[in-house]
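Accompanying notes for the structure given below.
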């Protein structure tokens, strides 16, 4: 069974962002900052921790007879024999692939490592009739996505600066 996970560079940066947010929250609590500030910081921190946990667990596996998507608290299996359509939507540098059956569907993006290999294997293992023209042409023009990675590293830098200022500009 071949397994594809979220890119490690993305997970590392998101994990670092989560750690810095928790650190900042703990610093604010220890310094007895205003309750509103702590609540707002908590309202930002917990969804980021949730996103990190979900991204850490995400995985798509291809077996000989099915596609299996594992997420934080759920797993979905789509047998190749039941797949009726594989469609692709490209929005700027992000690609979304939708795999449909009569009763269910699965959507994933190009945030997975070896996304090009995943698409090629899907095209290999599925009947040509279920694969859209967009998906077929995708293998020739895969974007090299980096916008999300830049944004997360920018958040890391900003959080480091905020922590520095919160500690009084001293370490």
Compute the Rg to Rh ratio over region 92-141 from the alpha carbon atoms, using the Kirkwood formula for Rh, and round to two decimal places. 0.94
For the chain, take the longest principal axis of its alpha carbons; what is the angle in degrees between that and the long axis of helix 35-57, to the nearest 10 within 0 to 90? 30 degrees
Would you order 90, 5, 37 from fewest to most other beta-carbon atoms within 10 Å of each residue's own beta-carbon? 37, 90, 5
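Find the all-direction average of the projected area of the Cα convex hull for the chain, expressing the result in square nanometres with one decimal place. Before the final figure, lay out the partial values.
Numbers: hull surface 47.4 nm².
Computing the convex hull of the Cα atoms and averaging its projections yields 11.8 nm².
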What's the exposure ranking of 167, 20, going from fewest to most Cβ atoms within 10 Å? 167, 20
For the chain, what does -39500 (n - 2.57) per DSSP helix run (n ≥ 4), summed and divided by total residues, give at 222 nm, in deg cm²/dmol to the nearest 500? -16000 deg cm²/dmol
Angle between the Cα long axis of helix 147-166 and the longest principal axis of the chain, 0 to 90 degrees, nearest 10? 10 degrees
Helix 115-125: angle to the longest alpha-carbon principal axis of the chain, degrees 0 to 90, nearest 10? 20 degrees
For the pair residue 153/residue 94, report the inter-label distance in nm, with labels modelled 7 Å from Cα in the Cβ direction. 2.0 nm
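Please give the FRET efficiency for residue 44 paired with residue 76, using the beta carbon to beta carbon distance and R0 = 41 Å, rounded to the nearest 0.05. Could you put the intermediate results ahead of the total?
Numbers: r = 30 Å, r/R0 = 0.72.
Computed FRET efficiency for residue 44 and residue 76 comes out at 0.90.
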So, in nm, how far is label residue 134 from label residue 8 when the simple model puts each one 7 Å beyond its Cα toward the Cβ? 3.2 nm
Using a Gaussian network for the chain with springs between C-alpha atoms less than 10 Å apart, which of these wobbles most: 100, 66, 151? 151
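Please report the relative contact order for region 67-146, taking Cα pairs under 8 Å with a sequence separation of at least 6, and give it as a percent rounded to a whole number. Write down the numbers at each step before the final one.
Working: 98 pairs, mean separation 22.0, N = 80.
With pairs under 8 Å counted, the relative contact order is 28 percent.
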Report relative contact order for region 2-166 in percent, whole number only (criteria: Cα-Cα under 8 Å, sequence separation at least 6). 26 percent
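All of the numbers you see were taken from the coordinates with simple rules; none came from a lab. These figures come from a predicted structure and were not determined experimentally. Virtual Cβ from ideal backbone geometry, glycine too; neighbours counted across all protein chains shown.
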